[in-house]
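*Asks:* The structure that follows is given in the form of structure tokens.
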Amino acid sequence: MNYLRATNLGEATALLARYPEALLLCGSTDAALQLRHAAATATLIDIHALEELKGVSVEDGHMRIGALVTLNELLRSDVVRASLPLLAACAETFGSHQIRNLATVGGNIANASPAADLTAALVALEATVTLASQEGERSVPLEAFYCGYKCTKLDHELITAVTVPLQTGEWYYRKAGMRERLNIAKVSIALTQGHGGFRISGASLGPSPVRFRTLEALLDGGVYDDAAIKEALESDTDPSGGHRSTKAYRLRVAFNMIKEALSQPEER
Amino acid sequence: MQITCTINGKVHRFDCAPESRVLDLVREAGMTSVKAGCGEGECGACSLFVNGRLVNACLLLAPQIQDAEVVTLEGLQEETAAIRESFAEHGAVQCGFCTPGFVLRAYDYLSHGGERSEEAIKAALDGNLCRCTGYRKIVEAIVKVKS
Ligand SMILES: Cc1cc2nc3c(=O)[nH]c(=O)nc-3n(C[C@H](O)[C@H](O)[C@H](O)COP(=O)(O)OP(=O)(O)OC[C@H]3O[C@@H](n4cnc5c(N)ncnc54)[C@H](O)[C@@H]3O)c2cc1C
Ligand code: FES
Ligand code: FES
């Protein structure tokens, strides 16, 4: 195995151009397990020291969150708690204290798991990812960044940051699993309702984090009845059965969460 | 590759593959308080501090401790004395396999000014599993640590 450490963004993009199949290493909470299945010839590019990818800042009604920000940094950040409470609530349900000390925002997005909690929350918040390569930078809406199960549009690029409009209005975040904490979500739901109307997304309800556009349109139109919500949910989602729970179970939990979100949202 | 770091204040050098787990390196270096439990980040038996942050040694790869300051329970005997005493007093130990991880987490939590309520302590222990005690005595022991 070939190990390379990048000390700045230029170095990282040059290495990535040279070793396009390399596994990037941040907190390694996903990568450590991925490595056990990777070919012996794999190259590791360690990017955990890149200063350009650290820190949280607010400008023009948006928050920029560096790809290397850990879940515990997110959870403890006063600006995040004040301006993006949904994200703080999500971070609170994420992994365990020890995992949150390692796991990064960029790693959660890039890993492209259908169960990625933070990613689902960021989709409801209409986040944009910034990607860098030797050719320069580009930004993509997070929702459009995925192309199916474990498929992303990363093209010899790395994620440098996510940019999120500051949240106003009502919000809701809930995750269901076997244990209250430290588990992979069977279902999680993120909802915001501000000036632009409803924004709803979920994890473990499709091959990648899903945005519920049919349901959003329905609720924006003032239709709240159970049958219509159920039907919209079915058309918006594509939960696989999987060994952890059935499709019917996931849909029922999602439905109950949506009902709870509508009757008891948090406010900001 | 060569890895240099300090473990409990002493410099250690390892000649290892980049994909070696930090868990195995520190145990080979004699720090057997760091336990190999689940190997997947779920149980916290392998917890140790890297540059002041409590993390799972089973998920960390050797290059991630290059130049780092690693601290295990062996290096925190004095600092954790009151916590360990409280665990003994309250019977928060049965087989003891999970104990070093719990003691380090309790130390991490209390030294950051963690609240002494049962609810807060239960939440703080989300990364540590115990198969024996049922947690009640562990939580009680942490609530009652003498400061
Ligand atoms: C016990 C346990 C509990 C967990 N609980 C949760 C949970 O509750 N919710 C949840 O969503 N996830 C959970 N996870 C999964 C994992 O912790 C997260 O996905 C985490 O955010 C990954 O970040 P990382 O820094 O560890 O990524 P790494 O493991 O370092 O990298 C993961 C992958 O992403 C790529 N990558 C990393 N950073 C970048 C970047 N900046 N640009 C491009 N590619 C990049 C790497 O090449 C690699 O393929 C859990 C994992 C474990 C082991
Ligand atoms: S052995 Fe590392 S968390 Fe279980
Ligand atoms: S005392 Fe045996 S696992 Fe906790």
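*Asks:* Look through segment B:27-41, keep the residues that are within 10 Å of ligand 2 (Cβ to nearest atom) and under 13 Å from the mean Cα position of the chain (by Cα), and return whichever of them is nearest to the other protein chains (Cβ to nearest Cβ).
*Replies:* Residues of segment B:27-41 within 10 Å of ligand 2 (Cβ to nearest atom): B:34-41.
From the residues that got through so far, the ones that are under 13 Å from the mean Cα position of the chain (by Cα) too are B:34-37, B:41.
Numbers: B:VAL34: 13, B:LYS35: 13, B:ALA36: 14, B:GLY37: 12, B:GLY41: 6 Å.
For segment B:27-41, the residue satisfying everything is B:GLY41.
*Asks:* Filter segment B:95-134 for residues that are among the charged types (D, E, K, R), open to solvent by 30 Å² or more (accessible area, probe 1.4 Å) and within 16 Å of ligand 2 (Cβ to nearest atom) and give the result.
*Replies:* Of the residues in segment B:95-134, the ones among the charged types (D, E, K, R) are B:105, B:108, B:115-116, B:118-119, B:122, B:126, B:131.
Next cut, open to solvent by 30 Å² or more (accessible area, probe 1.4 Å) only: B:115-116, B:118-119, B:122, B:131.
The answer is B:ARG131, and nothing else.
*Asks:* A further question follows. Here's a check for you: in segment A:195-213, which residue that is outside any loop (DSSP other than H, G, I, E, B) and out of contact with any strand residue (DSSP E or B) (no Cβ under 8 Å at 6 or more places or on another chain) is least open to solvent (accessible area, probe 1.4 Å)?
*Replies:* First, pick out the residues of segment A:195-213 that are outside any loop (DSSP other than H, G, I, E, B): A:197-203, A:210-211, A:213.
Now narrow it down to the ones that are out of contact with any strand residue (DSSP E or B) (no Cβ under 8 Å at 6 or more places or on another chain): A:197, A:213.
Details: A:GLY197: 14, A:ARG213: 119 Å².
Checking each candidate, the answer is A:GLY197.
*Asks:* So, one more: Taking segment B:5-26 as the search range and keeping residues that are part of a strand (DSSP E or B) and within 14 Å of chain A (Cβ to nearest Cβ), which one is nearest to B:LEU104 (Cα to Cα)?
*Replies:* Filtering segment B:5-26 down to residues part of a strand (DSSP E or B) leaves B:5-7, B:10-15, B:21.
Next cut, within 14 Å of chain A (Cβ to nearest Cβ) only: B:14-15, B:21.
Details: B:PHE14: 24, B:ASP15: 28, B:ARG21: 20 Å.
In this case the residue turns out to be B:ARG21.
*Asks:* Could you identify the single residue in B:GLU42, B:GLU74 that is in contact (Cβ under 8 Å) with a residue 12 or more places away in the chain and closer than 25 Å to A:LEU23 by Cβ?
*Replies:* On the way: B:GLU74 fails: closer than 25 Å to A:LEU23 by Cβ.
Within the list B:GLU42, B:GLU74, the selection yields B:GLU42.
*Asks:* If you scan segment B:45-57, which residues turn out to be facing another protein chain (nearest Cβ under 9 Å), in contact (Cβ under 8 Å) with a residue 12 or more places away in the chain and out of contact with any strand residue (DSSP E or B) (no Cβ under 6 Å at 6 or more places or on another chain)?
*Replies:* B:ASN56 - this is the single residue of segment B:45-57 that is facing another protein chain (nearest Cβ under 9 Å), in contact (Cβ under 8 Å) with a residue 12 or more places away in the chain and out of contact with any strand residue (DSSP E or B) (no Cβ under 6 Å at 6 or more places or on another chain).
*Asks:* Would it be correct to say that A:SER28 is hydroxyl-bearing (Ser, Thr, Tyr) and either more than 10 Å from chain B (Cβ to nearest Cβ) or in a strand (DSSP E or B) (or both)?
*Replies:* no
*Asks:* For segment A:46-86, what are the residues that are among the β-branched types (Val, Ile, Thr) and either touching a Pro at 6+ places or on another chain (Cβ under 6 Å) or touching a residue at least 24 places away in the same chain (Cβ under 8 Å) (or both)?
*Replies:* First, the residues of segment A:46-86 that are among the β-branched types (Val, Ile, Thr): A:47, A:56, A:58, A:65, A:69-70, A:79-80.
Of everything in segment A:46-86, those that are among the β-branched types (Val, Ile, Thr) and either touching a Pro at 6+ places or on another chain (Cβ under 6 Å) or touching a residue at least 24 places away in the same chain (Cβ under 8 Å) (or both) turn out to be A:ILE47, A:VAL56, A:VAL58, A:ILE65, A:VAL69, A:THR70, A:VAL80.
*Asks:* If you don't mind, another one. In segment B:96-145, how many residues are away from every other protein chain (no Cβ under 11 Å), touching a residue at least 60 places away in the same chain (Cβ under 8 Å), within 15 Å of the chain's Cα centre (by Cα) and assigned to a loop (DSSP other than H, G, I, E, B)? Working first, answer last.
*Replies:* Narrowing segment B:96-145 to residues away from every other protein chain (no Cβ under 11 Å): B:96-100, B:102-103, B:106-107, B:110-111, B:113, B:115-121, B:130-145.
Now restrict to residues that are touching a residue at least 60 places away in the same chain (Cβ under 8 Å): B:97-98, B:100, B:145.
Subsequent filtering for residues that are within 15 Å of the chain's Cα centre (by Cα) retains B:97-98, B:100.
With assigned to a loop (DSSP other than H, G, I, E, B) added as a condition, the list becomes B:97-98.
Final tally of qualifying residues: 2.
*Asks:* Something else about it: What number goes with the only condition from (1) modelled with pLDDT under 95; (2) in a helix (DSSP H, G or I) that A:GLU73 does not pass?
*Replies:* The failed condition is (1).
The values are calculated or read from the model by the stated rules, or taken from the named source; none is laboratory data. All values derive from a computational prediction rather than experimental measurement. Backbone-built Cβ (ideal geometry, glycine too); neighbour counts: all protein chains shown. These accessible areas exclude ligands, DNA and RNA; they are computed on the full protein's heavy atoms, side chains included. Shrake-Rupley method; radii C 1.70, N 1.55, O 1.52, S 1.80 Å.
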